[in-house]
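For reference, the structure discussed in these notes is given below.
The values are calculated or read from the model by the stated rules, or taken from the named source; none is laboratory data. None of these values were measured; they are calculated from a predicted model. For neighbour counting, all protein chains shown are included, and Cβ atoms are generated from backbone atoms with ideal geometry for every residue, glycine included.
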C-alpha cells in the first residue's frame with residue numbers, strides 16, 4: 001500500500017520521505033507548491049493544502065497509512081481536524097502524528113495546545129496512532145547562527161532547567177520505522193507515544209560553551225529574558241508567531257524539556273545507533 005506524507009517539503013518531512021524510500025515504501029506527498037517538491041520520480045505528488053477538501057480526498061485515495069505534520073499557522077487546529085476527518089472518511093486509520101514534547105502541559109503555547117487537541121482526537125476517533133513528541137529541534141539553530149557567529153551570543157532563551165534538543169534526522173528515521181511497522185501490520189496496532197529527545201540535556205550556558213569550543217572563541221548565553229528574542233523573531237516572521245515563540249521560550253525557562261526515564265534508551269534501541277548530538281550541528285554550521 002501507499003504511505004502518504006503530509007508536510008513533506010519541510011526539514012523533517014524531506015527526511016521522512018528519504019527514509020521511506022530507503023525502505024522501499026511506496027510514497028505519496030501532499031504539497032501546496034509542486035516547484036518545492038523536488039522528489040525522486042517514484043514519489044507521487046498531489047498538489048493542495050489541508051483546507052482543500054478535494055485535494056485531501058485525492059491524496060488519501062488508496063492510502064493505508066499517513067504521516068501528519070502540521071505547520072505552525074494561525075489555522076493549524078482547523079487544518080488538523082479537517083485532515084483527520086477526511087482520513088477517517090477515506091478509511092485511513094493508521095497514523096504517525098508529529099506532536100511536541102509535553103504537549104498537554106504547555107497549554108498556553110498555541111501550537112502545543114493544538115497538538116494536544118489533535119492527540120485527543122486521534123484517541124477518541126479510534127485511530128491506531130504513533131504520537132511522536134519531539135523536543136526543540138537542533139536544526140532550528142540555523143535561525144540564530146548569524147547572532148552566534150557575528151556577535152558571540154547564543155540568543156535562544158532556553159533557561160537552566162535543560163532542553164534535550166533533538167536532530168530532525170532522528171525524528172524522521174523513527175517516523176519512517178513507525179510508518180512501515182503500522183503499514184505492514186495485518187491489523188490496526190494499539191496507539192503509543194514516543195518522546196523524541198537528544199543525547200544531552202543542555203542549558204543555555206551549556207550551549208554557549210559548546211559554541212565557544214567549536215569556534216575557539218568566547219560565546220556567551222544571552223539570558224532568560226525572552227523579550228529581545230521576540231523582537232528579533234518579529235523581524236522575519238508575523239508578530240503573532242514571534243509572540244508565540246516568546247511564550248514557548250518562557251516554557252523552556254520555567255520547565256525545560258527533560259527526558260523521562262528510558263526515553264533515550266528506547267530511541268537508541270529503535271534506531272540501532274547513537275542519537276545525533278548538538279555539537280555535530282554546531283560544527284557543521286561553522287564548517288559551511
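Would you mention how many residues in the range 249-258 are buried (at least 17 other Cβ atoms within 10 Å of the Cβ) and either touching a strand residue (DSSP E or B) at 6+ places or on another chain (Cβ under 9 Å) or outside any helix (DSSP H, G or I) (or both)?
Going through the range 249-258 one residue at a time, the tally reaches 4.
Within the range 118-155, work out how many residues are part of a helix (DSSP H, G or I), farther than 28 Å from residue 208 by Cα and touching a strand residue (DSSP E or B) at 6+ places or on another chain (Cβ under 6 Å).
Within the range 118-155, residues that are part of a helix (DSSP H, G or I), farther than 28 Å from residue 208 by Cα and touching a strand residue (DSSP E or B) at 6+ places or on another chain (Cβ under 6 Å) number 2.
Being at negative phi, within 16 Å of the chain's Cα centre (by Cα) and at pLDDT 95 or above is true for just one of 17, 63. Which residue is that?
One residue alone meets the criteria, 17.
For the range 93-110, state whether one or more residues are part of a loop (DSSP other than H, G, I, E, B), at pLDDT below 95 and farther than 21 Å from residue 251 by Cβ.
Within the range 93-110 (the criterion being part of a loop (DSSP other than H, G, I, E, B), at pLDDT below 95 and farther than 21 Å from residue 251 by Cβ), the answer is yes, since at least one residue qualifies.
For the condition in a helix (DSSP H, G or I), under 20 Å from the mean Cα position of the chain (by Cα) and closer than 30 Å to residue 24 by Cβ, what is the one hit in 175, 242?
175
Of the numbered conditions (1) closer than 19 Å to residue 175 by Cβ; (2) touching a residue at least 24 places away in the same chain (Cβ under 8 Å), residue 40 fails exactly one; give the number of that condition.
(2)
Could we say that residue 284 is touching a residue at least 40 places away in the same chain (Cβ under 8 Å), within 25 Å of residue 229 (Cβ to Cβ), assigned to a helix (DSSP H, G or I) and more than 19 Å from the chain's Cα centre (by Cα) here?
No, not satisfied.
Being farther than 28 Å from residue 103 by Cα and either out of contact with any strand residue (DSSP E or B) (no Cβ under 8 Å at 6 or more places or on another chain) or assigned to a helix (DSSP H, G or I) (or both) is true for just one of 80, 71, 87, 58. Which residue is that?
Result: 58 is the single residue among 80, 71, 87, 58 that is farther than 28 Å from residue 103 by Cα and either out of contact with any strand residue (DSSP E or B) (no Cβ under 8 Å at 6 or more places or on another chain) or assigned to a helix (DSSP H, G or I) (or both).
Say we look at the range 200-213 and pick out the residues that are surrounded by fewer than 20 Cβ atoms within 10 Å (Cβ to Cβ) and farther than 12 Å from residue 148 by Cβ; which of these is farthest from the chain's Cα centre (by Cα)?
Only one residue fits best here, namely 213.
When residues of the range 214-237 are filtered for being free of Cβ contacts under 8 Å to residues at least 40 places away in the same chain and either surrounded by 12 or more Cβ atoms within 10 Å (Cβ to Cβ) or farther than 21 Å from residue 161 by Cβ (or both), how many remain?
Here the count works out to 8.
Here are some conditions: (1) farther than 25 Å from residue 8 by Cβ; (2) surrounded by 15 or more Cβ atoms within 10 Å (Cβ to Cβ). Residue 178 meets all but one. Which one does it not meet?
Only one criterion in (1) farther than 25 Å from residue 8 by Cβ; (2) surrounded by 15 or more Cβ atoms within 10 Å (Cβ to Cβ) is unmet by residue 178, namely (1).
In the range 102-120, how many residues are within 14 Å of the chain's Cα centre (by Cα) and either under 30 Å from residue 186 (Cβ atoms) or buried (at least 24 other Cβ atoms within 10 Å of the Cβ) (or both)?
1
Could you check residue 145 against (1) surrounded by fewer than 17 Cβ atoms within 10 Å (Cβ to Cβ); (2) within 27 Å of residue 4 (Cβ to Cβ) and say which number it fails?
It fails just one condition, (2).
With (1) in contact (Cβ under 8 Å) with a residue 60 or more places away in the chain; (2) surrounded by 18 or more Cβ atoms within 10 Å (Cβ to Cβ) as the list, and residue 246 as the residue in question, which single condition is left unmet?
Every condition holds for residue 246 apart from (1).
Determine whether residue 170 is under 25 Å from residue 106 (Cα atoms) and assigned to a loop (DSSP other than H, G, I, E, B).
No; evaluated as a whole, the condition is false for this residue.
Since residue 277 meets every condition but one in (1) surrounded by fewer than 17 Cβ atoms within 10 Å (Cβ to Cβ); (2) under 22 Å from residue 206 (Cα atoms), which condition does it not meet?
(1)
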